[in-house]
Amino acid sequence: MMAGKKYNIAVLAGDGIGPEVMKQGLHVLESVSKKFAIGFEFDEKRVGGIAIDKDGKALPADTLKACEQADAILFGSVGGPKWESLPPAEQPERAALLPLRKHFGLFANLRPAVCLPELTHASPIRESIVEGGFDVLCVRELTGGLYFGEPKYLKEEGGEMLAVDTMIYWEGEIRRIAKVAFEAARRRKGRLTSIDKANVLQNGVLWRRIVTEMAKEYPDVTLNHLYVDNAAMQLVKNPKGFDVILAENLFGDILSDEMAMLTGSLGMLPSASLGEAVEGSRRFGMYEPSGGTAPDIAGKGIANPVAQILSAAMLLRYSCGQEDAAAAIEGAVRAVIRDGLRTADIWTEGNKKVSTEEMGREIASRI
Ligand code: NAD
């Protein structure tokens with residue numbers, strides 16, 4: 001008999017390698033269920049290209065309904081060459097991911113960039129800089145700023161084209177994303193770097209003022225500020241010097257991709273998009289690998305399932321409040337890497353090359 005709490009998870013595997021890596025994510029969650037007496041109900045639904053083919057749209061109504069009834073969404077990836085000729089608004093990413101973010105008000109994007117000590121060879125950065133690995137978490141504001149501010153238009157004026165985008169942040173938007181970052185830093189090494197451009201932008205002035213003021217509520221977190229241009233340089237120069245990075249939408253978009261590239265292994269990187277807290281610090285969220293559907297290797301059974309498996313760990317941490325179970329998954333991933341098991345994307349001479357399924361099984365067995 002299951003004694004612990006039961007969680008309802010909407011499972012949206014999507015296209016390409018999505019279903020292959022999702023299978024392993026669920027396999028690992030089943031091991032977690034047994035070890036930690038946590039119950040899961042998986043509601044598997046179509047999304048993306050496969051949903052366009054079978055249901056006529058990328059985000060069918062019954063998929064959205066399943067998400068509404070769930071405690072969290074475990075997402076694979078969507079898209080592929082087959083759907084690239086559709087009108088942009090109907091394409092899998094735009095017609096599934098963006099509406100989901102909007103519908104659930106997912107304003108906080110968390111992207112950990114972890115380079116394990118055994119995988120520093122994959123980093124494009126000099127070994128002397130990344131030796132021993134690094135672990136940085138980027139907390140990016142996802143629903144405001146330059147991407148969504150109004151007015152926003154492209155028009156002809158006086159015989160010339162004019163493009164306008166508006167960078168706009170309300171104090172409340174800054175507060176709620178900063179809270180996520182302070183709380184995350186508190187759970188980690190307790191260091192937060194807030195990114196802005198306060199020397200040029202009014203948005204930066206307000207951002208810095210609010211974050212500085214909030215730091216008083218978190219005496220256990222050490223806060224420092226960096227201008228975004230300097231942050232981009234410091235990340236390359238010394239990624240080990242960072243713990244948690246907090247940035248608005250545009251800056252976070254760029255810096256989180258830079259950080260992913262610093263690790264060199266896309267197949268290892270999870271992500272979370274979180275909404276408002278629903279109970280204590282528990283939040284509704286959508287969890288997905290940082291990479292895409294990898295059409296070049298889809299169907300071959302060689303994709304790295306770690307990003308999907310670590311996304312499940314983030315789901316346990318942020319939407320279920322199950323920190324021990326999340327840490328157990330992360331520990332199991334570190335253990336398989338330490339034991340020399342590698343999928344093709346991270347394989348080097350002297351290690352054992354394993355399939356998607358073997359990797360999932362080995363991680364599940366170490367929970
Ligand atoms: P991609 O991330 O799918 O692939 C880039 C490279 O990384 C490829 O060589 C791929 O084989 C490799 N890779 C990615 N994940 C891997 C994994 N888990 N294991 C091993 N190797 C992995 O990016 P892309 O090629 O630019 O995009 C392919 C498709 O995915 C496109 O249709 C794009 O629109 C879509 N996409 C979807 C999402 C999403 O659903 N969130 C994100 C990015 C791209």
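Just a few scattered comments:
- Taking the listed residues ALA72, ALA89, the one that is among the small types (Gly, Ala, Ser) and under 20 Å from the mean Cα position of the chain (by Cα) is ALA72, with no other qualifying.
- Looking only at residues of the range 74-92 that are touching a helix residue (DSSP H, G or I) at 6+ places or on another chain (Cβ under 9 Å) and away from the ligand (no atom under 12 Å from the Cβ), we find that the one that is nearest to PHE284 (Cα to Cα) is LEU74.
- Wholly within the range 218-331, helices (runs of 4 or more DSSP H) carrying at least 1 residues that are hydrophobic (A, V, I, L, M, F, W, C) and within 16 Å of the ligand (Cβ to nearest atom): 249-263, 306-318
- LEU12 assigned to a strand (DSSP E or B) and either at pLDDT 95 or above or within 16 Å of the ligand (Cβ to nearest atom) (or both): yes
- Considering the range 148-207, the qualifying strands (runs of 3 or more DSSP E), each wholly inside and each with 2 or more residues that are surrounded by fewer than 10 Cβ atoms within 10 Å (Cβ to Cβ), run over 149-157, 160-166.
- The range 332-365 - residue that is crowded, with 18+ Cβ neighbours inside 10 Å and not in a helix (DSSP H, G or I) and, of those, farthest from the ligand (Cβ to nearest atom): LEU341
- One residue stands out in the range 76-90 among those that are surrounded by 20 or more Cβ atoms within 10 Å (Cβ to Cβ) and of a type outside the set (Phe, Trp, Tyr): the one that is farthest from VAL136 (Cα to Cα), namely GLY80.
The values are calculated or read from the model by the stated rules, or taken from the named source; none is laboratory data. This structure is a prediction, so every number in the text was calculated from the model and none was measured. So basically every Cβ, Gly included, is an ideal-geometry build from the backbone, and we count neighbours across all protein chains shown.
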